[in-house]
Amino acid sequence: MARSFLVLQGLATHFFARLGDALRARGHAVHRVNLNPGDRLFWKRPNATDYTGTEADWPAALDALIDGHRVTDLVMFGDGRPFHVAAIAAARRRGLRAWIYEEAYLRPGYLALEAGGVNARSRLPRDPARIRALAEGLPPALPETLSGGSFLRRASDDVRYNLANLLHRRDFPHWRTHRQWNPFHEYAGWLKRGLLRPLRRHAAWKRLKQVEAWPGPVFVLPLQLEGDYQLRHHSPFTSLADAIALVVESFAAHAPPDALLAVKGHPLDNGLSHWGRFAERRAAERGVAQRIAWLPELHFTPVLAPAAGVVTVNSTAGLQALREGKPVVVLGRALYDLPGLTFQDGLDRFWTERTPPDMALVDALRRVLAAHCLVRGGFFSDAGMNEAVANSVPRLEGDPPFAAEPA
């Protein structure tokens, strides 16, 4: 049966435009709402409406759009942006399907695509027995080996998106970004970080060699982005600084005296906040300055290798650690924070009582995620977008797998 899709905001990429073309080729109606000039830049199609009103007026305007286009499905990237939160609420109230894209739980090579919510709002069952039952008969998850596209393309598209917002702001007078930083301040941070990267990477590799030779247990804290909705909406922390401070304090008070804490910088951090210095200062205040290692500019895989355990707020790095059989403790809310997978007795006890995950359950979860919550492909390369579109259309035309099992 033909459906009617209303497409909301995506990333600075042509993925949604290509997805809309594919859905129309299948006989579905597709309409787009542009919330800012950058949205308009990446959707050069006639089937679009520019919403220029306020956030307060958005729910009523959205209801009118839904009625006018007889919408059956909403499509958007992320479930935390204010306009999307209102749209998901409208879909729930009206019995429509809200499809959410997000960066994948297994990456690279996958995108998340779920109905109703992603991450901690995913409808994936949280009962380990149910996960095992769902996994029966499913193929193994394909390895995370595909390229997500070049950084240069991703960066250039992001600059084009934000330049459009700057130059044509008058067309959308009430638009305000959901991001915490002005994008051009972020670009300045990225430029400085890029210039210093060779020196910082060399120092980090040298420090990693010392970590690998450390005689006691090594624990890894992979940082998330300060503006990550996972941190802002699905954790007890108001900032990344709060999370770092809690982990360092617990480490100083409860970890074995020969343990080391390696703090891993996020690969997409803009460099405007000096998280390494902050962690080192907190460690000095707690008397463990010599047992903290700051590791920016490195991939997670070599940092994870010597780890005796991983501490995370709710990063997808936790899933990578589980895949490698590493003990993991989660400080926020995460869809993989399940008995048998992660340590359930708190951070203070994790340092000395950690246990490895049940690898059969890890495998079951990966199978279920790959089959029901993810699609193969990427947002930032032509090949990745084409693959993601081809794999998304059957999902969008079908029924959500967990519609009757909200988390």
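Computed from the coordinates by the stated procedures, all read-outs in this text should not be read as laboratory data. Keep in mind it's a predicted model, so treat the numbers as computed, not measured. Every residue, glycine among them, receives a Cβ derived from its backbone with ideal geometry; neighbour counts consider all protein chains shown.
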* Structure fact -> So, relative contact order of the chain in percent, Cα under 8 Å, 6 or more apart, is 21 percent
* Charges only on Cβ, +1 for Lys and Arg, -1 for Asp and Glu: so what's the dipole of region 1-107 about the Cα centre, in debye to the nearest 20? -> 440 debye
* Structure fact -> Summed over the other residues with a beta carbon less than 12 angstrom from that of Pro59, with K and R at +1 and D and E at -1, the charge totals -1
* Asked: What does the highest-first list of 11-24, 179-192 look like by mean Cβ count within 10 Å?
  -> 11-24, 179-192
* Asked: What does the highest-first list of 169-176, 262-269, 362-369 look like by mean Cβ count within 10 Å?
  -> 362-369, 262-269, 169-176
* Out of all DSSP beta bridges with both ends in the chain, state the antiparallel percent to the nearest 5. => 20 percent
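Can you tell me how much longer the chain between Ser239 and Trp214 gets when fully stretched, taken as 0.36 nm per residue apart minus their C-alpha distance, in nm with one decimal?
6.0 nm
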* Using mean Cβ contacts within 10 Å as the protection proxy, how do 274-286, 206-218 order, highest first? -> 274-286, 206-218
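Mean residue ellipticity at 222 nm from the helices of the chain, using -39,500 (n - 2.57) per DSSP H segment of n ≥ 4 over the full residue count, to the nearest 500 deg cm²/dmol? List each step's numbers first, then the result.
Details: 15 runs with 172 residues, N = 407.
My calculation for the chain gives -13000 deg cm²/dmol from helical runs alone.
Would you mind ranking Ser4, Ser315, Ser250 so that the residue whose beta carbon has the fewest other beta carbons within 10 Å leads the list?
Values: Ser4 16, Ser315 26, Ser250 21.
So the ranking, lowest neighbour count to highest, is Ser4, Ser250, Ser315.
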* Structure fact -> In whole Hz, the Karplus estimates of ³J(HN,Hα) for region 169-183 (6.51, -1.76, 1.60; θ = phi - 60°; x where Gly or Pro) are 4, 4, 6, 10, x, 9, 5, 9, 5, 7, 6, 7, 10, 4, x
* Structure fact -> Taking Cα pairs closer than 8 Å and at least 6 residues apart, the relative contact order of region 88-186 in percent is 18 percent
* Student exercise, the chain dipole from Lys, Arg, Asp, Glu Cβ charges, in Debye to nearest 20 -> 760 debye
* Structure fact -> Among (i) 25, 56, 18, 0; (ii) 21, 43, 31, 5, 0; (iii) 30, 60, 10, 0, the entry matching P(r) over Cα pairs in 20 Å bins from 0, in percent as calculated here is (i)
* Choose one of Ala241, Leu268, Pro257: the residue whose Cα lies farthest towards the positive end of the charge dipole of region 190-298 (beta-carbon charges +1 Lys, Arg; -1 Asp, Glu; about the Cα centre). => Leu268
* Asked: Within region 58-75, what residues put their amide N at less than 19 Å from the label point 7 Å along the Cα-to-Cβ vector of Met1?
  -> 66-75
* Furthest towards positive pole of dipole, Trp205, Leu322, Gly340, structure part region 198-363, Cβ charges -> Trp205
* **Residue order, fewest to most beta carbons within 10 Å, for Glu249, Glu114, Glu353** => Glu353, Glu249, Glu114
* Two-site label geometry, His274 and Thr352: point separation in nm, points 7 Å out along Cα→Cβ -> 3.5 nm
* Charge dipole (the chain, unit charges on Cβ, about Cα centre) - positive-most of Thr355, Ala129, Asn47 -> Asn47
